[in-house]
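Enquirer: Below is one structure. I have some questions about it.
A short reminder: the numbers here are calculations on the coordinates, not readings from a lab. What you are looking at is a predicted structure, and each value in this text was computed from that prediction instead of being measured. Cβ placement follows ideal geometry from the backbone for every residue including glycine, while neighbour counts extend to all protein chains displayed.
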Amino acid sequence: MTVSRIFDSVPVRKKFLKAEATERGYCLDVMTRLALAHPEVRIRALAKGRELFHYPATSRLSERIALVLGTADADRLQPIEGGNDRLRVTGFASRPDFTCATTRQIYAFVNGRYVKDYLLNHAVMTAYRRVIEPRRYPAAVLYVDLEPAEVDVNVHPAKLEVRFRQPRTVYEAIVGALSA
């Protein structure tokens, strides 16, 4: 996919854009989330002829996480797995000795879609509450898979938030997988 001069035909929208570097950062964030959601897809980002990153397709999620987060950070993550017969929680999460200053290293995916959901973030923080310092945050890449009928994705215009039919079950599954 190539995107160029996207607002040339609609100049009124162009005036609402931020600085070029800021807009590029927004685009790279989306591509990073897509790279984590789909490790089987090769993703390469170019800007003004310069390669910003290149993630080759891989069959192992751990390899893609190492490429995206960096090998040093990926080495501090351990695999997690949990859930029940109705939902499955998988991914990677940091050990308690590796924390971050912000929540930017928490990535959550529901049925392959990146979401920024309060319930999921709260579940992550609950699991780590007693093992990390206050105002520090873990790094985690979580994948929650459940029946599509159990989640409403039409809550947010950008589809970044979801609503679960049984939020308590999802919450407990995430806390259980991370605590284990």
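Enquirer: How many nm is it between the label spots at V131 and V30, if each spot is 7 Å from the Cα in line with the beta carbon?
Expert: Output for this residue pair reads 3.6 nm.
Enquirer: For E81 and E40 in the same chain, what is the full-extension length gain: residue separation times 0.36 nm, less their Cα-Cα distance, in nm?
Expert: 12.7 nm
Enquirer: Which of rounded, prolate, oblate describes region 15-61, given a ≥ b ≥ c as roots of the alpha-carbon gyration tensor eigenvalues and a/c under 1.5 marking rounded, otherwise prolate only if a/b is larger than b/c?
Expert: oblate
Enquirer: Sticking with this structure for a sec: Counting other Cβ atoms within 10 Å of each Cβ, which GluC sites (Glu not before Pro) in region 1-98 have at most 15 and sit in a DSSP loop?
Expert: E40
Enquirer: While we're looking at this one, here's another question. Once you've got the GNM for the chain with C-alpha springs shorter than 10 Å, pick whichever of D85, D97, D73 has the biggest mean-square fluctuation.
Expert: D85
Enquirer: Additional query: Can you list, largest first and rounded to whole Å, the semi-axes you get for the chain by taking the square root of 5 times each eigenvalue of its Cα gyration tensor?
Expert: 30, 20, 16
Enquirer: Give the Rg/Rh ratio for region 80-180, taking Rg as the radius of gyration of the Cα atoms and Rh as the Kirkwood radius, to two decimals.
Expert: The Rg/Rh ratio comes out at 0.95.
Enquirer: Taking every alpha carbon pair in region 19-126, what does the distance histogram look like in 10 angstrom bins from 0, in percent?
Expert: 12, 42, 35, 9, 1
Enquirer: Between V12 and R88, what is the spin-label point distance in nm, taking each point 7 Å from the Cα along the Cα→C-beta axis?
Expert: About 4.9 nm, to one decimal.
Enquirer: Right, here's the next one. List the lysines whose Cα sits under 18 Å from the Cα of K48, skipping any in the same chain fewer than 8 residues away.
Expert: List returned: K18.
Enquirer: Shifting gears a bit: Please enumerate, by chain and number, the aspartates and glutamates with C-alpha under 15 Å from the C-alpha of K14, excluding those fewer than 8 residues away in the same chain.
Expert: Once the sequence-local aspartates and glutamates are set aside, what remains near K14 is E23.
Enquirer: Convert each backbone phi in region 147-156 into a coupling constant with the Karplus relation 6.51 cos²θ - 1.76 cosθ + 1.60 (shift: θ = phi - 60°), then list the ³J(HN,Hα) values in order as whole Hz, x for Gly and Pro.
Expert: Karplus-based 3J(HN,Hα) across region 147-156 equals 4, x, 5, 8, 9, 9, 8, 9, 8, 10 Hz.
Enquirer: For region 52-102, which trypsin sites (Lys or Arg not before Pro) are both in a DSSP coil and crowded by at most 10 other Cβ atoms within 10 Å?
Expert: R60
Enquirer: Can you tell which of L77, L120, L87 shows the greatest fluctuation in a Gaussian network model of the chain with Cα springs below 10 Å?
Expert: Result: L87 has the largest fluctuation of those listed.
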